[in-house]
Every structure is written in C-alpha cells, then in structure tokens.
Amino acid sequence: MRQRSPISIAWFSALASAAALSLVGAAGCNRNSGKESEATPAPSGTASAAIAPDKKKARVRAPDLHDDRFDAKIAENLPKVPDPKITGPDNAGAPLENQVFRDRVLGFVRKVAAVEKEGESVTCELPFDVRGLRSGEPSSAAEPPGSSPKPFRAVVWGYREGVQVARGEASDASLCVTLKEATRRAVASGGGTKEALGTTRLAIELPDHGMSILEHEGKGLELDHGLVPLRSFDKTLLAKRIDEGQAYLLRVLDAEHKGAHKYYHAPADAFEPELHTIYTASTGFTLLKLHAMKKDKSLLDKTKSTAEFLLSMQSRDERDHTAGGFFYTLDLKRGKPERKLVVGTTSKTIFTLLELHALTKDAKYMDAARKAGDWLISMQLPTGAVRASLSQHEGGPWSVQAKESTLYTGQVLSALSRLHRATKDTKYLDAAASTAMFLVQKVEKNGCYVGDEYRKPNPISSSWLVLSLLDFAKSTGDKRIEDTVFRCSRELLGRQWKRPEDAYRHGRWKGSLSSSGTGWLAEVMSEVFMFCRDKGRDNCDAYKDAVVAAVRQIMQYTYAPENDFVVKNPKAAAGGVFWSVRERYVRTDSVCHAMNAYINILPFLGDGVLLELPEMPLAERLAFDADADDKKAEAEDRAGGDDREGADEAPMSRAEDPAEEGAMKGPRRGPMSGTPDDGPPRPRFPKGLRPPGGRGPRPPGPPPQGMPQ
C-alpha cells in the first residue's frame with residue numbers, strides 16, 4: 001500500500017500573495033458588463049479599468065525557507081493570546097482512523113482559537129502516540145497527550161475570501177502541544193483576539209507526517225497534493241457536475257461579443273482581455289451536446305449566438321491565401337482580431353458549424369464550413385501533413401509555420417472527414433485520405449505512441465491520432481484503419497495510471513498532468529467506446545472503465561464549495577475545472593473536454609457507486625515515505641511524454657506548437673528562468689514544503705503584459 005504526500009499548504013500562501021499582487025494590475029475582463037445576477041456571477045475586474053502590470057514590478061520574489069510574512073504580527077500579539085491548559089479525554093474513545101483524526105485535529109484547533117482567558121482548560125482528543133494509532137490505546141501517563149517518537153511540526157493557516165490572513169507554525173514531541181502553539185501563533189498573526197480566526201476557513205498541515213486537512217462545514221477534509229480527493233462517485237454526482245459545468249460555460253461567454261474567454265484566473269477573479277475562436281467553438285460544441293441531452297432550446301439559441309462571433313472571425317480576403325481560415329483571437333482592448341490563422345482553430349470551428357447546420361439547416365453554417373475546409377486543404381503539404389498556421393505582423397507579409405504537429409494534423413483530418421460525411425463531396429475525402437495515410441505511415445514507422453517536430457511521443461498527440469483516424473474510418477469503413485484505431489487505443493489504455501491507492505494520480509495518463517489533458521483523453525476514450533459498441537467489437541468496457549477512472553480524476557479538479565478556499569469569487573469559479581495543482585486558473589477547454597466525456601458516457605453507466613478508492617490506514621499513511629514514491633512516479637510521468645526536466649504540467653500546456661498548445665510569440669508559459677522578460681518566476685519552497693516536481697507554483701492571476709495567454 002502507498003499514499004500520496006499531500007502538496008504542502010505552504011504553496012497556497014504564494015497563491016494568495018501572488019493573486020493579490022496580480023490584482024494590482026490585472027488584465028481582467030467583466031463578461032457581463034454589470035448585468036450579472038446572483039445566479040450567474042461574473043469576475044469583478046473590468047477590461048476598461050485594468051492596467052497591465054509592468055513586467056519587472058510584477059515579478060514575485062521567491063520566498064525564503066522560512067515564511068516570515070507574519071512574524072512581526074506574531075511577535076507583537078502573541079503575549080496577549082491566552083495559553084490554555086491541555087487536558088486529555090476521560091477515555092480513549094474511537095480508534096484514530098483518518099476521518100476521526102482529521103475531525104479531532106480541526107476541533108482542537110478551533111477550541112484553542114476560541115479561548116478567552118489564560119489557563120482555560122482545553123481537551124485534546126488525540127491521546128495516542130504513533131505506536132498507539134492502530135490499537136486506539138492512550139499514551140502512557142508519563143507522556144504528554146498525543147506524543148510521538150518523531151516530533152510533530154504543524155502549520156495552521158486561515159483563509160478569508162480566498163486570501164490568506166493568518167499563519168502559525170510550531171514543533172513539539174506532542175501533537176496537542178504542537179497544534180496549540182501553532183494555533184496561538186495563527187491567532188496572533190491575525191490580530192491576537194479570538195475573532196482572528198473566527199470567520200476564516202482553516203487549513204492544517206503536518207508536513208513531516210504527510211498529512212494536510214482542510215476545514216469545510218465543520219469537518220476536516222483530506223488534502224492530497226493540494227486536491228480534495230474524490231474517493232467515490234455515482235451518476236447523481238456526475239449529473240450535478242454536468243449542470244455546474246453548463247453554468248460555468250455560459251458565464252465564460254462575453255455578453256457583448258458572444259465569444260468565449262480562454263482563461264478564468266480564479267484566485268484573481270478575472271478573465272484575460274481576449275476572446276478565442278477555438279474556445280468559442282469548443283464551448284458551442286459542448287452546448288449542443290447539452291442541448292441534445294436536455295432538449296433545452298435555450299442552449300441551441302445560445303450556441304447560435306456564439307456562432308455569430310465565429311462567423312465574424314472568418315477571413316474573407318481572397319487576395320492573401322487566408323480566405324476561409326478563422327482568426328485565433330479577438331483583442332478586446334484593440335477591438336481587432338489577432339493576425340493569426342491556425343489550422344487547429346479552423347478545424348475545431350468546422351466541428352461546431354457542421355453540428356449547427358445539421359440541427360438548423362441554415363446554409364450559412366455549411367457555407368462557412370466549406371470555405372474553412374477549402375482553406376485547410378490549401379494548408380496541406382504533399383506528404384499529407386499540414387502547415388500549422390499563418391501569421392502576420394501589422395502591415396507585413398504573411399509567414400507560414402510549417403513544422404509538423406500531430407495534434408494539428410489530426411484535427412485537420414477529423415475536420416475533413418466530418419465535412420465529407422456532411423457533404424458527400426469527394427474532394428474532402430481525397431484530402432482526408434492523404435493526411436490519414438501520413439498518420440498511418442507514422443504509426444507503421446514509430447508505433448502508436450507518437451510525437452512530432454514539437455515534442456517527443458506523448459499521450460495528447462497519440463490520442464489525436466486515434467480520434468482523427470476514427471473519424472476517417474467512419475467516412476470510409478476501411479477495416480484496416482479501424483484496426484489501427486483500436487490497436488492504438490489499447491496502447492493508450494496501458495498508459496493510464498491504474499493505482500487505486502493513489503487518489504492523486506489514479507485515472508490520468510502518464511505524461512499528461514493537466515485537467516485538459518485528462519479530459520481530452522477521456523473524451524477520446526468515450527468516442528472509442530461508442531465506436532467499439534457500434535462495431536460489435538469485444539472488450540469495449542475497457543474503454544468505458546478508463547473513462548470512469550478519468551472522470552473521477554477530473555471531478556477532483558473541479559471548483560466546488562469543498563475546495564474553493566483559494567478562490568476570490570466562489571460563485572464565478574463553480575463548475576470550472578482548474579488546470580493543475582499548481583495552476584488554479586480555469587482553461588475553457590478543460591471544462592469542454594470534461595463535459596463531452598461526461599455526456600458521452602453517462603447513458604452507459606449503472607446505478608450505485610461507480611468507482612471507490614479506499615484511504616490507507618492512518619498509521620501506515622503517517623509512516624509512508626511519500627517523497628521517494630513521488631520521485632519514482634514523476635520519472636514515469638516524464639517517460640510518458642513530458643520531455644522537459646522538472647516539468648510539472650501536461651505536455652500540451654507547454655509545447656511550442658502555436659496557439660492552442662499553449663505557446664505564442666514571446667516567452668513560453670511554464671517553469672521560467674526568472675529573467676525580467678519572463679515575468680513572475682515560480683516561487684521556490686524548501687524540501688517538504690513543496691508540491692511534487694522540480695519547481696513550486698507559478699503565481700495565479702492574469703499574466704503580465706507580454707506574457708502568452
């Protein structure tokens with residue numbers, strides 16, 4: 001048995017302070033322009049009021065090994081904070097299992113924080129040393145309550161409206177004494193009165209024993225690598241997440257332009273001041289799935305309004321090889337599209353336009369899709385690969401990005417295959433066949449686990465190969481292509497983490513550490529599962545099981561009341577799927593991919609608990625060497641496709657592919673060197689007070705001006 005080392009709550013202090021720094025000049029955007037209601041809250045920052053911060057001023061100093069931000073307040077106020085007398089319980093009570101332990105730790109901290117007079121007695125219901133955790137026997141009379149052969153270190157944090165307002169740390173051989181002293185210091189840091197922690201939400205960490213606890217509605221929740229792990233779920237919870245995701249996606253749409261933002265910076269409560277064509281198309285595609293599921297006409301109407309934004313972003317210039325392509329972003333500050341057309345943006349937009357045409361029979365959607373398909377054909381190379389993008393500096397010539405991306409090549413193949421099925425026009429099938437043969441040859445040469453000129457083999461590129469060949473197989477009925485789809489899908493199944501004792505990793509894919517990557521792979525596996533059933537193949541449930549495991553993984557990355565303690569505006573964040581344990585922003589595609597997987601798989605799920613991951617017994621958990629285990633698992637993740645040393649996100653988030661894959665002109669997103677042009681560096685933390693991986697968290701909130709969105 002094994003247990004993940006909880007991500008240290010220490011890095012949440014950097015989240016809070018960095019979010020506050022970002023807000024000084026956050027490039028936010030209020031979607032609803034003052035029209036929001038309580039039911040559909042919007043971020044508070046506005047594009048007109050926001051000023052992009054100076055890059056040098058926005059840099060965040062890496063914290064020292066000791067977090068001294070509250071030291072002055074603690075020194076000033078600690079003498080007036082009452083020091084209660086600790087008493088043990090009359091009897092041993094229930095054995096110390098995980099939930100009992102968390103609740104008792106939280107309850108004791110709350111009692112200490114509420115003490116008003118010096119010398120008051122406070123009962124500590126933790127009367128066990130580590131040797132007695134299994135048996136439930138109290139410590140010997142000579143030992144202080146809660147003593148351990150290994151000294152305890154405790155950190156008590158207080159959060160209010162997403163901001164860290166208190167912190168206290170202490171060490172002692174007795175857990176009760178340690179918690180008491182850490183709590184007294186937290187009270188002192190917050191002002192020194194019993195009200196200091198009264199309206200805060202507490203987080204309590206025992207960093208040397210691998211345990212973190214988060215307060216929620218009077219209970220102590222488990223934290224595992226900074227996540228509140230979801231240890232079981234059923235269809236009822238999944239349906240609830242679908243409703244919450246729908247509400248979130250509707251909030252992402254700009255009230256005036258109807259386009260979608262790419263990022264919601266939840267700790268700073270702000271959107272970036274851009275609207276993205278591909279994320280608008282993805283949002284519309286998911287809303288149409290929801291419309292098919294719920295028969296809600298308002299969802300179709302909302303998608304039709306987003307389509308007006310999509311159509312406005314299509315180039316109509318016949319003179320310069322851009323007609324039919326879709327511009328990547330609309331800059332809300334300048335009121336102009338970015339002069340960049342990416343084949344992935346155009347391909348995903350075709351998906352949505354075809355679905356809209358099938359529902360409405362409105363010719364404008366098919367006309368736009370055809371023009372887009374013709375532009376994609378013009379971007380093909382003789383090999384069947386595709387040029388990634390066209391871009392233009394103001395007034396200059398168009399430049400071509402010709403490096404081959406399996407992700408983009410797959411997106412183009414899917415778009416052309418779907419166009420052929422919708423139109424029966426053989427020019428789209430012929431073009432699709434050229435690209436399909438390029439991908440098949442890549443499989444024959446390198447196997448199913450593929451990379452490209454941007455990155456080494458990884459699960460995201462490999463899953464796009466699967467979906468695109470699946471789309472081509474639907475157009476042609478070619479059994480050889482079908483066999484390749486299932487062979488490569490089975491290989492991807494073998495790269496999914498399957499460790500029920502590891503709630504942090506179980507269900508995601510090695511080499512893909514973001515929620516978007518897990519969601520996308522779940523979406524692809526759900527499509528493979530349905531295709532498998534339609535073809536009458538054997539062992540289709542293996543794909544369903546993979547989706548169920550991934551769905552659980554994604555849901556623990558979804559903002560909900562249980563885990564929104566670092567969020568400024570919980571109502572605006574609700575239903576959003578945050579990117580990673582370090583990056584607490586929501587990227588719109590994370591939500592779309594998750595929702596598509598949820599909707600696809602829901603009709604095939606039974607009643608009752610769908611998946612359950614048991615907790616390790618408390619004594620084993622506290623004794624487990626989590627650091628060594630994390631290092632081993634990180635090595636497997638790197639071998640799975642993350643080819644940068646110290647990397648801590650999915651390859652998708654830091655690839656050099658233009659636009660959709662997380663990189664644009666300028667410094668790359670991801671772990672940064674700390675030079676002025678890089679913007680804020682990731683804070684560093686001492687050993688034992690950092691999340692897994694080579695670096696700590698990047699500060700949340702909108703990036704400084706010049707940073708890629």
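Do the conditions hold for Asp317, that is, is it free of Cβ contacts under 8 Å to residues at least 24 places away in the same chain, part of a helix (DSSP H, G or I) and open to solvent by 10 Å² or more (accessible area, probe 1.4 Å)?
no
Taking Thr409 and the conditions (1) touching a strand residue (DSSP E or B) at 6+ places or on another chain (Cβ under 6 Å); (2) assigned to a helix (DSSP H, G or I); (3) surrounded by fewer than 15 Cβ atoms within 10 Å (Cβ to Cβ), which numbered condition does it fall short on, given that it satisfies the others?
Unmet condition: (3).
Table: residues versus (1) open to solvent by 10 Å² or more (accessible area, probe 1.4 Å); (2) among the acidic types (Asp, Glu); (3) over 26 Å from Tyr557 (Cα atoms); (4) modelled with pLDDT under 95.
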| site | (1), (2), (3), (4) |
| --- | --- |
| Asp430 | yes, yes, yes, no |
| Phe438 | yes, no, yes, no |
| Asp452 | yes, yes, yes, yes |
| Asp471 | no, yes, yes, no |
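Starting from the range 296-313, take each residue that is farther than 19 Å from Gly325 by Cβ and list its partners that are of a type outside the set (Lys, Arg) and not in a helix (DSSP H, G or I), counting only C-beta distances under 9 angstrom and pairs at least six apart or across chains.
Once the first residue is farther than 19 Å from Gly325 by Cβ and sits in the range 296-313, its partners that are of a type outside the set (Lys, Arg) and not in a helix (DSSP H, G or I) give Lys302/Leu253; Lys304/Asp362; Ser305/Leu253.
Enumerate the pairs (first residue in the range 177-201 and without any contact (Cβ under 8 Å) to a residue 40 or more places away in the chain; second residue anywhere and of a type in the set (Lys, Arg)) with beta-carbon separation below 7 Å, excluding pairs fewer than 6 apart on the same chain, so at least 6 apart or on different chains.
Thr178/Arg153; Thr199/Arg160
For the list (1) more than 22 Å from Arg339 (Cβ to Cβ); (2) open to solvent by less than 50 Å² (accessible area, probe 1.4 Å), I need the number of the one condition that Lys445 fails.
Just one mismatch for Lys445, condition (2).
If you check Lys361 against the conditions, is it over 26 Å from the mean Cα position of the chain (by Cα), open to solvent by 30 Å² or more (accessible area, probe 1.4 Å) and at pLDDT 95 or above?
yes
Could you list, in sequence order, the residues of the range 534-584 that are open to solvent by 40 Å² or more (accessible area, probe 1.4 Å), of a type outside the set (D, E, K, R), farther than 22 Å from Lys510 by Cβ and more than 17 Å from the chain's Cα centre (by Cα)?
If the condition is that a residue be open to solvent by 40 Å² or more (accessible area, probe 1.4 Å), of a type outside the set (D, E, K, R), farther than 22 Å from Lys510 by Cβ and more than 17 Å from the chain's Cα centre (by Cα), then Gly536 is the only one that fits.
If Asn539 satisfies every condition in (1) on the phi > 0 side of the Ramachandran plot; (2) in contact with a Pro (Cβ under 8 Å, 6 or more places away or on another chain); (3) among the polar types (S, T, N, Q) but one, which is the exception?
Only one criterion in (1) on the phi > 0 side of the Ramachandran plot; (2) in contact with a Pro (Cβ under 8 Å, 6 or more places away or on another chain); (3) among the polar types (S, T, N, Q) is unmet by Asn539, namely (2).
What's the number of the only condition in (1) under 29 Å from the mean Cα position of the chain (by Cα); (2) in a helix (DSSP H, G or I) that Leu341 fails to meet?
Evaluating Leu341 over (1) under 29 Å from the mean Cα position of the chain (by Cα); (2) in a helix (DSSP H, G or I) leaves (2) as the failure.
Identify, by number, the condition in (1) within 21 Å of Ala436 (Cβ to Cβ); (2) of a type in the set (D, E, K, R); (3) in contact (Cβ under 8 Å) with a residue 60 or more places away in the chain that Lys340 doesn't meet.
(1)
Please determine whether any residue of the range 510-520 is over 23 Å from Val609 (Cβ atoms), open to solvent by 10 Å² or more (accessible area, probe 1.4 Å) and modelled with pLDDT under 95.
Looking through the range 510-520, at least one residue is over 23 Å from Val609 (Cβ atoms), open to solvent by 10 Å² or more (accessible area, probe 1.4 Å) and modelled with pLDDT under 95.
Which ones in the range 320-350 are closer than 26 Å to Lys289 by Cα and open to solvent by 10 Å² or more (accessible area, probe 1.4 Å)?
Phe327, Leu330, Lys348
The values are calculated or read from the model by the stated rules, or taken from the named source; none is laboratory data. The model shown is predicted, which means the values in this text are computed figures rather than measured ones. Note that each Cβ is placed from the backbone with ideal geometry, even for glycine, and that neighbours are counted across all protein chains shown. Only protein heavy atoms, including side chains, enter the accessible area calculation; ligands, DNA and RNA are left aside. Shrake-Rupley method; radii C 1.70, N 1.55, O 1.52, S 1.80 Å.
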